[in-house]
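J.: Got a structure for you, written out below as structure tokens; questions coming shortly.
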Amino acid sequence: MKAKRINGWAIFWGFLAIAYFFLPMYGTLDFSLRMKRGVISLQAYQIIFSDPRFWEGFRYSTLAGLITITISVLIFVPTVYWMYLKVPNARPVVEVITILPFIIPGIVYVFGLIRTFSRPPLQVTLNPLTTDILIVVGYVIISMPYMFRAVDVGMRSIDVRTLTEAAQSLGSNWLQVLAYVILPNLRIAILSGALICFATVMGELILASFLVRPALGPYMQLLGLTKAYEPAALAIISYTLTWFSLGLIQFISRGGATQQVTGR
Amino acid sequence: MTRRKSGHTHPLIFFMSIIQSLLRTWRKHPLWNWLGLLPFFVFILFFLIIPSLNLFSGAFLNRSGELTLENMAVFRNSNVIKAYISSLQVSFMTAAIGSIFGFFVAYAVTIGNGPRWMRNVIMTFSGLAANFGGVPLAFAFIATLGRTGFITAILKSICFPGSEGVEVCPFNPYDYGFSLYSLTGLVLAYTYFQFPLMVLTITPALEGLKKEWKEASANLGASNWQYWRDVAFPVLTPSILGATLLLFGNAFGAYATAQALTGGSIPLVTIFIGQQIRGDVLGNPHEGYALALGMVVIMAATIVAYTALQRYASRWIRR
């Protein structure tokens, strides 16, 4: 009797949650298909897919995302590896540093970047290429909490010391240990970090918007100000992209939820 | 200066040998290993620490570069106060709603024994939705609860035949002061990522509630209510408070959703800072830095309290 009542509550809250998840999804999908009055059509999607600015933003953000992932892996894998192997004492310091992007909101961070890098002696925002480098570096910082935690969790699950000693006794140098032993063992962790990194970059608005580069985020915002149906279609496209990336993480890490805070 | 007794050693060679032995002990010293972390620290220093410190130091300088506290006058500016109040309101409301709602949902999928498929759906979507925000979230809510959104349309179409044959459609929420493009709308939209974050953070704590505690309290004659009031809830309190703080910080720093939903018409601190970056609305860039510093102080306090509470809570969760 009692157990049944509790179960009823569980189902009530569960359905409420599922409704909160799906109603906005449904609303967006429905709205995106109603551009032509009275009929269901894909016109809003066609308009977006034939807009060169969409493809420009898409290309820009994809490329920025891939470079961000590469730099993040190159920085965080050796760092976390070294921390596990040689300086476990550094963990509290490194952990605090990797939380910093949560404490410093995105808008404050970009404010700091602009104050530092858009005036002499380090004026890099005059030229598109150096601005792009700055943006990618900013993306690495913003996605650092996710990447660090992903690599950290992966490193925890392997026996770093034994693997290293085994590889060294077979004659590997440090670079070989990292590239042929540690990296392959971390591939799932790195992949999940990379995907969340990618999702972050694809949806990022603040850096690209304030440093004025043609990424996907500013394009979305502009579309939202001027159009009615296309933003809904774009939201569906963006959902699909993000959720595909994040869903893939949950699939490859077998339900180990990506328990992170996000910077928005 | 004392001369060495063994006179035939040249001072320079002696000096070098000291340096060498110092280097040898230094190499064996654990601190030497920290050098391996140098690339990471340099990267962080240049692209996170220096830009942040540069900003915060700006808050304590005047236009001619002298140390001053006069920029703190920005916190007496009525627009700034309004921005802080609305930011705090939105963060507080979404943290409260998100954590209460999220707690019940987490309860439903853990101890509540909800159906298995429901648990899978909710846990998966929490992982997704907690990381979802920004501009598309605003679009989704406009399509759902905006003036022409589909829930608004459904509510509008509920009509009753009123007196004298006129149809009365009492449920257009926009006739009753509701607007998505307001603080209320922002709270609704933020809840979309807030409650899933609560589900994710509180689930381990709920799973950490041991069956033995429940059985022990039942053996001592406690009712279900007494178990919750005297055992489960006190154990969970630090986790719940910590998670609520996390949600608070999460909402406090949010920018993109609010910007896309309201076009910047809502006075949030983040929006205000955005306007300050674009066009120096305060008329003094240094007051803008003070504004940003104020945000970071609040965020830092929140995260520090969260970490402390998590640590306190983890005594019970550790198995």
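J.: Average projected area of the Cα convex hull of chain A, in nm²?
T.: 20.5
J.: Further question: Relative to the present Cα-Cα distance, how much length would full extension add between B:SER21 and B:GLN226 at 0.36 nm per residue of separation? Please report the intermediate quantities before stating the final value.
T.: On the way: separation 205, 0.36 × 205 = 73.80 nm, distance 6.84 nm.
Answer, rounded to one decimal: 67.0 nm.
J.: Can you give me the angle between helix B:233-252 and the longest principal axis of chain B, using Cα atoms only, in degrees from 0 to 90, rounded to the nearest 10?
T.: 90
J.: Relative to the isolated chain, which residues of the range A:13-36 have their accessible area cut by 50 Å² or more in the presence of all protein chains (1.4 Å probe, heavy atoms, no ligands or nucleic acids)?
T.: Buried-area filter returns A:TRP13, A:ILE18, A:TYR20, A:PHE21, A:PRO24, A:PHE31.
J.: Moving on to the next point. Ignoring any ligand, DNA or RNA, what whole percent of the accessible area of the range B:95-238 comes from carbon and sulfur when the probe is 1.4 angstrom? Show your work: numbers first, answer last.
T.: Details: 4000 of 6290 Å².
The C+S portion of the solvent-accessible surface of the range B:95-238 is 64 percent.
J.: How much accessible area per residue does the range B:90-143 have, counting only protein heavy atoms and a probe of 1.4 Å, in square angstrom? Walk me through the intermediate numbers first.
T.: Working: 1650 Å² over 54 residues.
Value returned for the range B:90-143: 31 Å² of accessible area per residue.
J.: Right, something else. How about A:LYS36: which aspartates and glutamates have a C-alpha closer than 14 Å to its C-alpha, ignoring those fewer than 8 places off in the same chain?
T.: Within the straight-line cut-off, A:LYS36 pairs with A:GLU230.
J.: Calculated from DSSP H runs of 4 or more alone, at -39500 (n - 2.57) each and per residue, what is the 222 nm mean residue ellipticity of chain A, nearest 500?
T.: Details: 12 runs with 192 residues, N = 264.
Rounded to the nearest 500, it is -24000 deg cm²/dmol.
J.: Okay, moving on. Starting with the highest mean, order B:191-204, B:258-271 by the number of other Cβ atoms within 10 Å, averaged over the residues of each peptide. Each step should come with its number before you reach the end.
T.: Numbers: B:191-204: 25.4, B:258-271: 21.9.
Highest to lowest by the protection proxy: B:191-204, B:258-271.
J.: Treating only the Cβ atoms of Lys and Arg (+1) and Asp and Glu (-1) as charged, compute the dipole magnitude of chain A about its Cα centre; round to the nearest 20 debye.
T.: Around 640 debye, computed over chain A.
J.: Moving on to the next point. When chain B is treated as a GNM, springs tying every alpha-carbon pair under 10 Å, which of B:PHE46, B:PHE139, B:PHE272 comes out with the largest mean-square fluctuation?
T.: Taking springs between Cα atoms under 10 Å, the residue moving most is B:PHE46.
J.: Can you tell me how the range A:1-141 classifies by the Cα gyration tensor, rounded, prolate or oblate, using a/c under 1.5 as the rounded cut?
T.: On the way: a/c = 2.69, a/b = 1.25, b/c = 2.16.
It is oblate, given that a/c is not under 1.5 and a/b is not larger than b/c.
J.: Restricting everything to alpha-carbon atoms, can you work out Rg to Rh for the range A:125-264 with a Kirkwood hydrodynamic radius?
T.: Values: Rg = 18.9 Å, Rh = 17.3 Å.
When Rh is taken as the Kirkwood radius, the ratio is 1.09.
J.: Can I ask one more? Helix A:160-169 versus the longest principal axis of chain A: what is the Cα-based angle in degrees, 0 to 90, to the nearest 10?
T.: 50
J.: Now for a separate question. Only Lys, Arg, Asp and Glu count, each charged at its Cβ (+1, +1, -1, -1), so figure out the dipole size of the protein assembly as shown about its Cα centre, rounded to 20 debye.
T.: On the way: 42 positive and 21 negative charges, 346 e Å.
Dipole of the protein assembly as shown, to the nearest 20 debye: 1660 debye.
J.: Another question about this same structure. Can you pull the accessible area of B:THR307 for me, 1.4 Å probe, Å² to the nearest 10?
T.: 50
J.: Pull up all non-local amide H partners of B:LEU61: gap of 5 or more, or a different chain, and H-to-H distance under 5 Å with H placed in the peptide plane.
T.: Correct list: B:THR68.
J.: Which of rounded, prolate or oblate describes the range B:42-180 when judged by the alpha-carbon gyration tensor and an a/c cut-off of 1.5?
T.: Details: a/c = 3.02, a/b = 1.56, b/c = 1.93.
Because a/c hits 1.5 or more and a/b fails to exceed b/c, the range B:42-180 counts as oblate.
J.: At a 1.4 Å probe, what is the % contribution of carbon and sulfur to the accessible area of the range A:195-236? Don't jump to the answer; show the numbers that get you there.
T.: Values: 760 of 1170 Å².
Of the solvent-accessible surface of the range A:195-236, carbon and sulfur hold 65 percent.
J.: While we're on this one: Using the Karplus equation 6.51 cos²θ - 1.76 cosθ + 1.60 (θ = phi - 60°), what ³J(HN,Hα) coupling, rounded to whole Hz, does each residue of the range A:25-32 give in order, writing x for Gly and Pro?
T.: Karplus values, whole Hz, x for Gly and Pro: 4, 4, x, 5, 4, 4, 5, 5.
J.: What spacing in nm lies between the two simple spin-label points modelled at B:ALA96 and B:ASP175, each 7 Å away from Cα in the Cβ direction?
T.: Reported label-point gap for B:ALA96 and B:ASP175 is 3.0 nm.
J.: Something else about it: Residues of the range B:228-256 with amide nitrogen under 19 Å from the 7 Å Cα-to-Cβ point of B:ILE111?
T.: Hits in the range B:228-256 for B:ILE111 at 19 Å: B:228-244.
J.: May I ask which residue of A:VAL151, A:ILE182, A:THR162 lies farthest towards the positive end of the charge dipole of the range A:81-195, with charges of +1 (Lys, Arg) and -1 (Asp, Glu) on Cβ and the Cα centre as origin?
T.: A:VAL151
J.: For the range A:232-247, what does the Karplus curve 6.51 cos²θ - 1.76 cosθ + 1.60, with θ = phi - 60°, yield as ³J(HN,Hα) per residue in whole Hz, taken in order and with x for Gly and Pro?
T.: With the stated coefficients, the range A:232-247 comes to 4, 5, 5, 4, 5, 4, 5, 3, 4, 4, 4, 6, 5, 4, 5, x Hz.
J.: Run the reach check for B:LYS210 against aspartates and glutamates, Cα to Cα strictly under 18 Å, same-chain hits fewer than 8 apart removed. What comes back?
T.: Qualifying aspartates and glutamates at Cα under 18 Å: B:ASP230.
J.: Rounded to the nearest 100 Å², what is the sum over both chains of accessible area buried where A meets B, with a probe of 1.4 Å? Numbers along the way, then the final one.
T.: Numbers: alone 16090 and 19850 Å², together 28280 Å².
That pair of chains buries around 7700 Å² in total.
J.: In the range B:241-279, which residues have a backbone nitrogen under 11 Å from the label point lying 7 Å from B:LYS82's Cα in the Cα-to-Cβ direction?
T.: Within reach of a label on B:LYS82, which here means backbone N under 11 Å from a point 7 Å along Cα→Cβ, the range B:241-279 contributes B:266-268.
J.: Which one, B:VAL42, B:LEU128, B:VAL187, is farthest towards the positive end of the dipole of chain B when Lys and Arg carry +1 and Asp and Glu -1 on their Cβ?
T.: Of B:VAL42, B:LEU128, B:VAL187, it is B:VAL42.
J.: First measure r as the distance between the Cβ atoms of A:ASN127 and B:GLU66, then evaluate 1/(1 + (r/R0)^6) with R0 = 25 Å and state the FRET efficiency to the nearest 0.05. Could you put the intermediate results ahead of the total?
T.: On the way: r = 33 Å, r/R0 = 1.31.
It comes out at approximately 0.15.
J.: Let me ask something else. Under the Karplus relation 6.51 cos²θ - 1.76 cosθ + 1.60, θ = phi - 60°, what is the ordered set of whole-Hz ³J(HN,Hα) values for the range A:98-113, x standing for Gly and Pro?
T.: Going residue by residue, I get 6, 7, 3, x, 6, 6, 9, x, x, 5, 6, 4, 5, 4, x, 4 Hz, with x marking Gly and Pro.
J.: Quick check for me: using +1 on Lys/Arg Cβ and -1 on Asp/Glu Cβ, what's the dipole size of chain B about its Cα centre, in debye to the nearest 20?
T.: Details: 22 positive and 11 negative charges, 402 e Å.
With only Lys, Arg, Asp and Glu charged at Cβ, the dipole is about 1920 debye.
J.: In peptide B:299-307, what is the residue-averaged number of other protein chain Cβ atoms found within 10 Å of each Cβ? Intermediate values should be presented prior to the final figure.
T.: Numbers: counts 5, 5, 1, 2, 6, 2, 0, 3, 3.
What the average comes to for B:299-307 is 3.
The values are calculated or read from the model by the stated rules, or taken from the named source; none is laboratory data. All figures in this text were calculated on a predicted structure; none of them were measured in a lab. When we count neighbours, we look across all protein chains shown, and the Cβ atoms used for this are built from the backbone with ideal geometry, even at glycine. Note: accessible area is taken over every heavy atom of the protein model, side chains too, but ligands, DNA and RNA are not part of it. Shrake-Rupley method; radii C 1.70, N 1.55, O 1.52, S 1.80 Å.
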